[in-house]
Every structure is written in structure tokens, then in C-alpha cells.
Amino acid sequence: MNTKKEYPVQKTEAEWKEQLGEERYRVLRKKGTERAHTGKYNLHFEDGTYRCGACNSQLFESDSKFESSCGWPSFSDAIDGAIEYVEDKSFGMTRTEILCANCGSHLGHVFNDGPTPSGERFCVNSASVDFDNE
């Protein structure tokens, strides 16, 4: 029985690996995490839109980005309908994983400790996103 969710963007794992390269494939498709304070968008605060690094779908607007000092890009809110929320019980804890709703790629996790009005902190791997300032 196939229990995998069908996303609008479908590719084989070989196609994803070829498109993304080793590190982005590890993060986006294998649910990896980049080391804290190493991602290119951690301290990036230009105006624009953050897009999925796998399928280019719009995920976050720059006006929701804030400095959280956690070591990864943090956002207070996502674009409506752009994110899928999945319970993650890995590493002996329960968290909420965030995936691109268009292709199912791993972005990071969302926590309820944000200092913004939403109270949420979307903690995202820089390797999971691209930035568009147009």
C-alpha cells in the first residue's frame, strides 16, 4: 500500500538528487539540518520572497523574517497555503516539521516561542530556500 502523499510537484529521488546536489538533497529530501549559524540566509534581511529550494514555490515574505539568535533563518508567518505541518517524533522529542506544500520538501520546524504577534517561530534551513528580491 502506498502511504506517501502525492504533491503537485513529483520527481523521483534520482531526479531530486541530480537537481539539488548533495547538500540540498540531504536537507530538503532527507530531512537533514545544516549547522547553526552557517546558512547564507541566517542574517539576511533584504526585501523580497523566500522560495522553496526544490520547486521554487513562494514560502515566506521578508517582512515576516526576524532575528531570533537561534542560528537559522526565522519567520513569524508563512504565506497562506505554502506550508504543510507534520508531527515529528525524531530524536526523542515531539516537534512540528514544516514541509513545502507544493513538493513535500523539508524546510525545518515551527515552534511556539516566537517573540512576534503570531507567537510562532518558523525555523528554516537556508539550504531549503532561495531568495527572490524582485
### Query
If you take the charge dipole of the chain about its Cα centre, with +1 on Lys and Arg Cβ and -1 on Asp and Glu Cβ, which of HIS106, ASN133, PHE66 is farthest toward its positive end?
HIS106
### Query
Cysteines of the chain lacking any other cysteine beta carbon under 4.7 Å?
CYS70, CYS123
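Most exposed first by the Cβ proxy, i.e. fewest other Cβ within 10 Å, how do TRP16, TRP72 rank? Before the final figure, lay out each step's value.
Working: TRP16 19, TRP72 23.
In increasing order of surrounding Cβ atoms, one gets TRP16, TRP72.
Rounded to the nearest 500, what is the 222 nm mean residue ellipticity of the chain from helices alone, with -39500 (n - 2.57) per DSSP H run of 4+ residues and division by all residues? Kindly include the intermediate steps, with their values, before the conclusion.
Working: 2 runs with 15 residues, N = 134.
Theoretical 222 nm ellipticity from helices: -3000 deg cm²/dmol.
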### Task
First select every other residue whose beta carbon is under 11 angstrom from the beta carbon of GLU120; then total the charges, Lys and Arg +1, Asp and Glu -1.
-1
### Dipole moment magnitude, nearest 20 debye, the stretch 29-134 about Cα centre, only Lys, Arg, Asp, Glu C-beta charged
620
### Whole-number percent relative contact order across the chain, with pairs defined as alpha carbons under 8 Å at least 6 apart
28
### Message
Using a Gaussian network model on the chain with a 10 Å cutoff between Cα atoms, which of LEU20, LEU59, LEU107 fluctuates the most?
### Response
LEU20
### Message
If I model a spin label as a point 7 Å beyond the Cα along the Cα-Cβ vector, how far apart are those points for ASP63 and THR38 in nm?
### Response
3.5
### Spatial separation of Cα centroids for the stretch 25-76 and the stretch 89-107, in angstrom
14
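For ASP132, what charge total do you get from the other residues with a beta carbon under 12 Å from its beta carbon, if Lys and Arg give +1 and Asp and Glu give -1? Intermediate values should be presented prior to the final figure.
Working: positive: ARG51; negative: GLU46, ASP47, GLU61, ASP130, GLU134.
Its environment carries a net charge of -4.
Where a number appears in this text, it was derived from the coordinates with a stated rule and is not lab data. Values in this document were obtained by computation on a predicted structure and should not be read as measured data. Cβ sites come from the backbone with ideal geometry, for glycine too, and all protein chains shown count toward neighbours.
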